[in-house]
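Presented below is the structure to which this report refers.
Values quoted throughout were computed directly from the atomic coordinates according to the rules given, and no laboratory measurement underlies them. Fair warning: this is a prediction, and the values are worked out from it, not measured in the lab. For neighbour counting, all protein chains shown are included, and Cβ atoms are generated from backbone atoms with ideal geometry for every residue, glycine included.
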Amino acid sequence: MAACRHQDTLALEPGLEIDPQNGRGPRSLLPRGVGSLRSPRIGVYTGPGTSHSWLWFVDLFDRRSLNDVVFLDDEYVRGGLLHGLDVFVVSGGDTFGVARALGREGARAIETFIRTGGVYVGSCAGAYLPMRSSKEYLNWFNFTDIKIANLSKNLPDIKRLKSKACTIYGCGYVFHAVREEVRLRMTGNAPFEGVGEIVAPLYGGAAMVAERPSEVLARYCGFTGKTLFLVDEGEAEKTLMGRAAAITTKMGDGRLFLFGPHFEHPGFPAANELLVKAILWDLRDKPLVPKAAVEEVHFVGEAKKSLLRDIKREISNARIVALGIETFSLQWKIGDKIYEPEKIRVFLEAVWKRLGGLERCGGICMEKGSDTIMADCAGRIVRTLREMKGRLDAGEDTFDLATGLFDALRRFTMVFLEVYFRSVRFLNQEQE
Amino acid sequence: MEYISSGKILVVDLATGNASDEELSDDLVSQKIGGVGITSSLYQSYADEDPIILGTGAFTGSLVPGSALAIFTAKSPRTGTVCHSPVTFKAGMELKFAGFDYVVIKGKSPKPVLLWVHDGIADVVDAGAMWGKDIWEAGDDIRKNMGDDLIQTLLIGKAGESGSDLAQIGINYGGGTDRWGFGKIFGDKNLKGIALRGMGLLEISDAEGFVDECLEMLGEVKKGACAGKSGIGDIMVALGEKDAKEWLAPLVHRNSACYNMPCATSTFICMDEDPKVVVESEKPEPGVLLSDVYGLLAFKKAGFSLEQAGRALKACCKCGIDPVAVAELAVKEGKKDAQSIEQALASMKGPVSASQAKAFSPWAPLQPVFADFGALGDEKATMDWWMRRQALAYIFGIHPVFVTMSPEVSEERMLKLMNIGTGLEVSQETLDGVIAGVCS
């Protein structure tokens, strides 16, 4: 556990290590009793309703060389592409938006995936999704009997960030008492045994109540100097302290891991470590369903250089305008989620920082047609951003552009990262 | 080249519209250090292809106080010799962060184009719609079309487009710095200009040592001769124009500094708005940024009021023409107001007086400003001092006005910073050789 930002609060058992490639190191406790080890095949939900936080999962998987990653929007989920995955990740965003996009068909696909042995990892909105609810759209996803604790009929007095402090939930509210850092104490339940306290960031995630204490992995236990209180501190304590922050529960042959705080956030390596541990724990050793054959194309030499230069040109143009837009104080409410201009660059930087790696490698491979999709999306992003900047300069509304922009950013980033991970896997195979 | 550098030389062939890049080698840096040492070397390498070279100095864009400078090197249409002119404000820093240390521009485009350099990419884009527009309008178009107000521009106006020997390359809205007619070179190449924006980072070999040395230098500068000095008025006074500050005072809005300059050397005056009111201007062009001290002095000495001088300088900025030459010609032609000058700008032609300065643009003060650099002796000795100081500035990327006011920018210190920052071992002997080469 080198270079841990939170050494003062981390109490990971000495000697506990995870080999990211194989799932267990020489002194690892992971995974339990599994013979043959392999890297998990992970699906990341990138469809409507997601915010930018799925990119934090991407960073984590990339850092830990968990390269067998695919990106699935709502159509892919409904279309059966969960079949053959080990893990399906649903990140933060707008829970209602995710549920609405996936629909009843998507809910059944996820349920089948879990019941047949898949691992569902839900963070923030992704954790709310499978909890018990009677609300429209969400009621298709009643996979667990875990309840939301930060639910109230009467909204407490909100001190700041009103737009982020609550979401209407039927006749009541899901309210968020704090943002930023919270302290979490592990319960000792597997797979987080041997760990004491950590800190992780909370951005609208749940406090949870589980029927069975054995399912609780971590509880909220305190705040730090970086905790931002949205309600009175006493109210925040009452809402969060002792409530479950991370839970695992069985469902059929599979399992769900639900995280209120963002264990995947790149600034919290101790939480990251636990998340990887959850993903690799109990990894099924049955043979994977063969991947569906796709027509793959390879770009090498001048063709690769030209393709990457074209992407780089557009992303550079987009970053430059996006930075200019960040000087404006504004927010867009898309679905139930608030977006600030700073979120634009989170997508762009996720691409930008990986271009150098692709430039250095011998070739890149992708599903046929991905290059065209990337070019179209990137061009659309730059055009939209420039129009947005023009409108902002003129003091005009930009909501319609923002909706389309974030959709294009999500699609572009998803396709680019698919190409990136496919190329990394190809390179690894070549080296082997 | 790994440190304090983007490590890349961009080569743009305007005839084909193609851009390629080459590695900046450690060997070249070890031999020529940077800035004008390398632009001169690149000029010689491409001499047969009518090049104009834009380059950063070794420290441009770094923490070294005054590290604002980039350089143009080309054969002057006015003198017929290879000359260098400074690129100030934030353009040098932006070039380095855009991923290139040097840009070789060769050939002639068949149609008007703009070179858009951003984050390791160089695009030669159509500038047909911009051709014919003045520098300010064209700069506005670029910033609007590209969607970023922070883009730095190096553009020509009507003077460059029409092939005037007096044409300058205007930097943003602040006018040009060359007395060599470099704007004509752009015009001849059908190059409206260069737009720069980058979000790169610089690596430093010994980052802590480098920062420590920079902070020590800054501490000394703050206690030195330029402490408390600010704006073009103070520089004019130092050059002997004793009433300059009083002359400027009624229209001064603010003083302005180039990238990482400990002392502001430019002053914004408002001719069309109350300069004492500090609010977001409702007028698109309420005044002008005065950065050319000799240009301003020329109009003052010609008997212009500050308001008229400001308007004349604004017209020069927009047209992209040397204001010193314009002031001289205006006097010869008996023009006494900005309006008559503005109307005549497009057709103004030399000859004008030649400067005693060689190689480096006599835009920077030709004598010590504020500071005492010891006994310089006669005129020749002063010019020798000036040439060596300018060479030092143009090699290391230090603002050429700053080196005339700050003895803290010493050769010894520049070499020390160079070696800490790059991990190379550049000697005084090498520096002497480079200076001798670029001053010859």
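Odds and ends about this structure:
- Test item: B:194-207 mean partner chain Cβ contacts at 10 Å: 1
- Beta bridge orientation in chain B: antiparallel %, DSSP, nearest 5: 75 percent
- The order of the peptides A:122-135, A:387-400, B:265-278, B:226-239 by mean Cβ neighbours within 10 Å, most packed first, is A:122-135, B:226-239, B:265-278, A:387-400.
- Annotation: amide H-H contacts under 5 Å for residue B:176 (H modelled 1.01 Å from N, sequence separation of 5 or more, or interchain): B:171.
- Antiparallel content of DSSP bridges confined to chain A, in %, to 5: 75 percent
- With the biggest extent put first, the Cα atoms of region A:284-432 measure 56, 40, 22 Å across the principal axes.
- In order along region A:151-159, the phi-based Karplus estimate (6.51 cos²θ - 1.76 cosθ + 1.60, θ = phi - 60°) of 3J(HN,Hα) comes to 10, 8, 7, 10, 6, x, 5, 8, 8 Hz; Gly and Pro are listed as x.
- Counting lysine pairs in region A:296-431 that sit 8 or more residues apart in sequence, or on different chains, and whose Cα atoms lie under 27 Å apart gives 17.
- Disulfide-incompatible cysteines by the Cβ rule (no partner under 4.7 Å) in chain B: B:83, B:214, B:258, B:270, B:316, B:317, B:319, B:439
- Alpha carbon Rg of region A:124-167, scaled by the compact-globule rule 2.2 N^0.38 Å: 1.33
- With a 10 Å cut-off around each Cβ of B:112-120, the average count of Cβ atoms from other chains is 3.
- Modelled FRET efficiency - R0 51 Å, residue B:227 with residue A:407, Cβ distances, 0.05 increments: 0.40
- Residue A:298 paired with residue A:115, simple spin-label distance in nm, labels 7 Å along Cα-to-beta-carbon: 4.3 nm
- Cβ crowding within 10 Å ranks A:233, B:280 as B:280, A:233, fewest other Cβ atoms first.
- Per-selection Rg to Rh, region B:8-197 - Cα, Kirkwood hydrodynamic radius: 0.93
- Beta bridges per DSSP, both residues in the protein assembly as shown: antiparallel share near 75 percent.
- Percent of alpha-carbon pairs separated by more than 24 Å within region A:203-295: 36 percent
- Förster radius 35 Å - calculated FRET efficiency between residue A:228 and residue A:135 (Cβ-Cβ, nearest 0.05): 0.80
- Counting beta carbons within 10 Å around each of B:46, B:102 and listing the fewest first gives the order B:46, B:102.
- In order through region B:294-307: 3J(HN,Hα) via Karplus (6.51 cos²θ - 1.76 cosθ + 1.60), integer Hz, x for Gly, Pro: 6, x, 5, 4, 4, 5, 5, 5, 7, x, 6, 5, 4, 4
- Considering only B:203, B:379, B:216, the mean-square fluctuation computed in a Gaussian network model of chain B, springs between alpha carbons under 10 angstrom, is largest for B:379.
- Peptide B:139-148 has a mean of 5 when you count, residue by residue, the C-beta atoms of other protein chains within 10 Å of its C-beta.
- Vicinal HN-Hα couplings computed from phi for region A:169-179 (Karplus, 6.51 cos²θ - 1.76 cosθ + 1.60; Hz; Gly/Pro x): 9, x, 8, x, 9, 8, 10, 10, 6, 9, 10
- Sparse-neighbour loop sites [GluC sites (Glu not before Pro); region A:88-196; at most 11 other C-beta within 10 Å; DSSP]: A:136
- Label positions at residue A:108 and residue B:340, each projected 7 Å from the Cα along the C-beta direction, are separated by 9.0 nm.
- A protection proxy built from the mean count of other Cβ atoms within 10 Å ranks the segments A:346-354, A:362-370, most packed first, as A:346-354, A:362-370.
- Shown here are the Rg and Dmax of the Cα trace of region A:372-428, at 14.7, 50 Å.
- Taking amide hydrogens as placed 1.01 Å from N in the peptide plane, the amide H of residue A:166 sits under 5 Å from those of A:176, each at least 5 positions away in sequence or on another chain.
- Reachable lysines, given that their alpha-carbon falls under 24 Å from the alpha-carbon of residue B:245 and they are not under 8 places away in the same chain: B:222, B:223, B:229, B:276, B:300, B:301, B:314, B:336
- Gain upon complete extension [residue B:216, residue B:18; 0.36 nm per residue less C-alpha separation]: 66.9 nm
- Residues B:52, B:204 arranged by fewest to most Cβ contacts within 10 Å: B:204, B:52
- Efficiency of FRET between residue A:308 and residue B:378 - r from beta-carbon atoms, R0 56 angstrom, step 0.05: 0.40
- Packing rank of B:382-392, A:273-283, where each peptide gets the mean count of other beta carbons within 10 Å, highest leading: A:273-283, B:382-392
- Calculated SAXS-style log₁₀ I(q)/I(0) at q = 0.11, 0.19 Å⁻¹ - region B:312-426, Debye, Cα scatterers: -0.53, -0.98
- Nitroxide proxy distance, nm - points 7 Å out along Cα→Cβ at residue B:125 and residue A:155: 4.4 nm
- Build a GNM of chain B with springs between Cα atoms under 10 Å apart, and of B:67, B:355, B:162 the one that fluctuates most is B:355.
- Among A:154, A:189, A:139, residue whose mean-square fluctuation peaks in a GNM of chain A (springs only between Cα atoms under 10 Å): A:154
- Counting every pair of alpha carbons in chain B, the share spaced more than 29 Å apart comes to 42 percent.
- The H on the amide N of residue A:89, modeled in the peptide plane, is under 5 Å from the matching H of A:43, A:44, A:45, A:121, each at least 5 residues off or on a different chain.
- Cα convex hull, chain A: 143 Å³ per residue, rounded to a whole number.
- Measuring against 19 Å, Cα to Cα, the residue pairs B:184/B:318; A:147/A:250; B:96/B:416 contain B:96/B:416 as the ones spanning a longer distance.
- Pairs of alpha carbons in region B:69-181 separated by more than 22 Å make up 31% of all such pairs.
- Square roots of five times the Cα gyration tensor eigenvalues for the protein assembly as shown, Å: 59, 28, 27
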